C-alpha cells in the first residue's frame, strides 16, 4: 500500500483495507484471531474468561490495524458494527496517530464492489477539502 488515502471496512472479525487509487482498487483483508470457534470454547469455560480473551484479541487486532494505518495521511473507517468507533478511540488516544486524519462513517454490510465504491466516492467527495488543507 503506497497511497496516502485508505478506507477500512471493518467489524470485529475482519477488516478490509482499500487504498484510494484510480484503478484497479485492491482489498487487503486482516482477520481477527478471535474466531467464533474460540468464542464458543471460552463461553463453555466461563463468560468472564471469554470476555477477557475477547478484549485481549480485539486489542491485538486493533494494534495490527494501527501498524498499517500509521503509514497513511487520510483514513476513513466504516462498517456496520461498533468496531470502527472502538478502533478510532484507540488511535485517537495514541499521539503517534496525530498526523493521520481519521473519519468514522456508519455503513451497512457491503459487498467488495460496494466497499470500493464507498471509498472511491468518499475520497472523491472530500478531495477538495484535502487539497485545501481543511484536514491538516
### Query
Do we find that residue 100 is within 20 Å of residue 117 (Cβ to Cβ) and at pLDDT 65 or above in this structure?
no
### Task
Take the range 76-100 and flag every residue that is surrounded by 22 or more Cβ atoms within 10 Å (Cβ to Cβ) and in a helix (DSSP H, G or I).
83, 84, 87
### Task
Please find, among 28, 39, 63, the residue that is assigned to a helix (DSSP H, G or I), surrounded by fewer than 14 Cβ atoms within 10 Å (Cβ to Cβ), at pLDDT below 95 and in contact with a helix residue (DSSP H, G or I) (Cβ under 9 Å, 6 or more places away or on another chain).
63
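The values are calculated or read from the model by the stated rules, or taken from the named source; none is laboratory data. As the structure is a prediction and not an experimental result, all values here were calculated from the model. Because the Cβ atoms are built from the backbone with ideal geometry, glycine has one as well, and the counts that use them run over all protein chains shown.
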